[in-house]
Structures are given as structure tokens and as C-alpha cells.
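Have a look at the structure below, then the notes.
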Amino acid sequence: MIQLDEKIYFYLLSIIPFMVIVYILLRIWQTRTQKKFAAANLLKRLAPNKSGFKTGLKLVTMMLGITFLVLGLVNPKIGTKLETVKREGVDIVFAVDVSKSMLAEDIAPNRIEKGKRLVSEIINQLASDRIGIIAYAGQAYPQLPITTDYGAAKMFLQSMNTDMLSSQGTAINEAIELASTYFDNEQQTNRVLFIISDGEDHSEGSTLDAVELAVEEGIRIFTIGVGKEKGSPIPLKRNGIVESLKKDAQGEVVITKLNEETLEDIASEGNGEYINGSDTEKAVDFIKDQLDQMDKTEFEAKQFAEYKDQFQWFLGIGLIFLFLDIFLLDRKTEWLKKLNLFNEKEIN
């Protein structure tokens with residue numbers, strides 16, 4: 001397990017592309033100036049030991065030095081002692097709809113980003129609960145198994161998008177069935193599934209059957225609706241620019257609407273509640289109250305109790321690269337010249 005102390009120092013790496021740009025501009029200026037001064041063969045006579053390769057090598061060495069120094073400032077830590085601790089909480093699985101309809105922008109910035117923000121804000125309110133994440137469209141895909149690592153959960157959450165699953169459509173039943181496999185502890189009775197969706201469902205009536213089976217396994221299902229009932233077209237973008245709107249087989253623009261009725265039915269059958277996700281703060285507060293009212297079950301979790309600093313290795317390597325840059329000269333190395341690796345002819 002790796003922990004980063006001061007991630008803010010990663011911004012210093014922006015120096016590197018700036019250095020590359022300056023280097024390229026400088027080389028262009030030098031080349032143009034030299035052409036004005038003298039012909040290429042005369043320049044080789046005037047400075048026969050000048051090495052273009054060494055100049056580039058010095059830049060690479062300096063960039064590596066800066067990179068390792070920045071990593072040293074960030075101070076990566078490695079977990080050295082793993083302990084088993086007892087915690088009390090609820091097992092929670094978030095099933096996030098990643099179908100194309102979630103690209104609709106009837107709720108800012110769009111449905112999927114709104115859904116991800118809701119999940120992230122809910123995670124911020126948790127203390128010792130275990131969480132898992134599922135992505136689903138035409139099929140369900142396990143994104144993150146049950147864990148207490150909230151940082152990893154947020155990382156996986158941010159990587160979710162509508163292109164991650166090739167099978168399109170919205171099969172809520174598959175998400176519920178997959179979520180049921182996440183809760184593998186037979187003694188764990190506090191099981192919660194949050195379905196974040198616009199309510200479009202193409203599973204042809206089998207969703208309520210899946211809900212019934214989940215309830216039998218002690219799972220409470222809450223649904224969170226993202227979108228507006230009046231609906232919105234689905235923009236298809238490339239590089240952030242809208243190229244077209246999604247159309248059906250007849251060439252008509254598809255209007256996708258928030259289907260609250262479906263989500264309400266699922267929540268009702270699942271012994272849960274339907275929450276409209278338009279107001280993030282209000283929705284998160286309601287969910288927190290619901291979770292606080294649930295009985296907490298004790299479980300064991302492994303976590304690193306001690307971490308060891310690793311900054312010294314990165315600082316050391318960074319300083320070595322910077323010292324190498326100091327001793328690297330712009331002229332050609334004599335023993336490499338004697339090898340004549342590129343079959344270069346001597347200029348007399």
C-alpha cells in the first residue's frame with residue numbers, strides 16, 4: 001500500500017513541458033543564427049567537438065533529476081505493518097448507470113457526472129462502512145469489490161464513463177443481480193444497494209424479480225434519480241465539441257427522460273426509498289440520515305497501521321541526475337569518437 005504525503009507538489013512537474021518548449025525554441029534560434037553566420041561545413045571546422053546529442057542528453061538528465069526531486073517532495077510512503085481491526089458499519093454497493101442516456105445535459109453538467117458527484121459526496125459522509133462500486137449499461141460490470149479504501153473508491157468512480165461498456169442499453173436487473181454477489185458474509189444483515197440512474201430500463205420486466213431475490217437476501221435497495229422528467233437529447237461529442245445528437249433507427253432525435261416511476265417501484269419493492277438527485281446537498285443529507293438509522297454490524301478489516309517514508313531514495317536519485325548534468329559537457333566524448341559508431345568521416 002502506497003500513501004502520498006504532499007500531492008500538491010506534483011504541480012511542479014509542469015516545469016518539464018516548459019523546459020522542453022524552451023529547449024526546442026532555443027535549438028531553432030541557434031540553427032537559424034548559425035546558418036546566417038557560416039555554412040554547415042565551415043561550422044564543423046570551427047567547432048569539430050560540438051555534440052548535438054550531448055545537449056539533448058543534458059536536458060533529459062535535468063528533467064529526470066527534477067522528476068525525482070518532485071517525487072521526493074511528495075514523499076511516497078509504503079505500508080510496513082498490516083493490522084486487523086474491528087469496525088462497525090454497513091455494507092454499501094453503488095450501481096452507477098453508464099449508458100449513453102446518462103450523457104443528457106438536462107442536469108448540469110450531465111447526468112453521469114451528477115451521479116458520480118452524488119456518490120462521491122455520500123462517500124465523504126461515511127466513517128467505517130464498507131463500499132463497492134458497479135458500472136452497468138446493457139450489462140453489469142464489477143468496478144470495485146467491497147472495501148474500506150475510500151480513496152480507491154473515488155479513483156475508480158472518477159474513471160467511469162459512458163464508453164467503458166460496449167453493450168449499450170440499461171439492464172438494471174443485471175446490476176441488482178451482480179450486487180447480490182458482493183455481500184458474501186452470511187452474518188452480515190446490513191446490506192444496502194444504491195442505484196444511480198435516469199430510470200430507463202430495458203430488462204423487460206425482470207427487474208422486479210431481481211429486486212425480490214435481493215430483498216430475500218437482506219438487501220435494501222435505494223434509487224437515486226438523475227435527470228429531468230421533461231427530458232433532453234443526447235449530445236455526441238468529440239474533444240468536448242458536440243458533433244451531433246443521438247438518433248433512433250428512423251432518424252429522429254432521441255429524447256431521454258427521467259423515469260421516476262420505475263425508480264420508485266424498485267425502491268418500494270426493495271424496502272428502500274427513492275431520492276431525487278437534483279439537489280445534491282438535500283439528497284446526501286437524506287441518505288446520511290437513513291444510514292445513521294441502520295444498525296451497525298461489527299466486521300474485521302485489514303489496514304496498514306505504519307508507513308515508512310521513501311522520500312530519501314527519490315531525493316538521492318534526483319541529486320545524482322543533477323550532478324550528472326553538471327559534469328556532462330557539450331563537446332563530444334573522445335573514446336566514443338574513436339569508436340566511430342556512425343562511420344563519420346573526419347573533416348580536414
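Since every read-out is calculated from the coordinates, none of them should be taken as a lab result. If you're wondering where the values come from, they're calculated on a predicted model, not measured in any experiment. Methodologically, a virtual Cβ is constructed for each residue, glycine included, from the backbone with ideal geometry; neighbour enumeration extends over all protein chains shown.
Before moving on, here are some points about what is shown:
- Scattering curve values for region 234-292, log₁₀ I(q)/I(0), Debye with Cα scatterers, q = 0.25, 0.30 Å⁻¹: -0.99, -1.17
- Stokes-Einstein D for region 141-223, Kirkwood Rh over Cα pairs, 37 °C, 0.692 mPa s (µm²/s): 233 µm²/s
- Simple spin-label estimate for residue 125 and residue 57 gives 6.1 nm between the two label positions (7 Å along the Cα-to-Cβ direction from each Cα).
- Stretchable slack from residue 320 to residue 260, in nm (0.36 nm times residue separation minus alpha-carbon distance): 15.4 nm
- Karplus-derived 3J(HN,Hα) values for region 238-251, using 6.51 cos²θ - 1.76 cosθ + 1.60 with θ = phi - 60°, are 9, 6, x, 10, 5, 8, 6, 10, 5, 10, 8, 5, 8, x Hz; glycine and proline are entered as x.
- Relative intensity of region 204-247 on a log10 scale, I(q)/I(0) at q = 0.19, 0.23 Å⁻¹, equals -0.76, -0.85, per a Debye sum over C-alpha point scatterers of equal strength in the absence of solvent.
- For peptides 6-19, 91-104, 263-276, 221-234, sequence by mean Cβ density within 10 Å, most packed first: 91-104, 221-234, 263-276, 6-19
- Kirkwood-Stokes translational diffusion coefficient of region 82-222, alpha-carbon pairs, 20 °C, 1.002 mPa s, µm²/s: 140 µm²/s
- Over region 158-276: Kirkwood hydrodynamic radius from C-alpha pairwise inverse distances, Å: 15.8 Å
- FRET efficiency for the pair residue 27 and residue 152, taken as 1/(1 + (r/R0)^6) with r the Cβ-Cβ distance and R0 = 41 Å, rounds to 0.40.
- Flagged links, alpha-carbon separation over 19 Å, of 116/296; 116/282; 257/288; 116/288: 116/296; 257/288
- Using the Cβ-Cβ distance between residue 168 and residue 286 with R0 set to 30 Å, the FRET efficiency works out to roughly 0.45.
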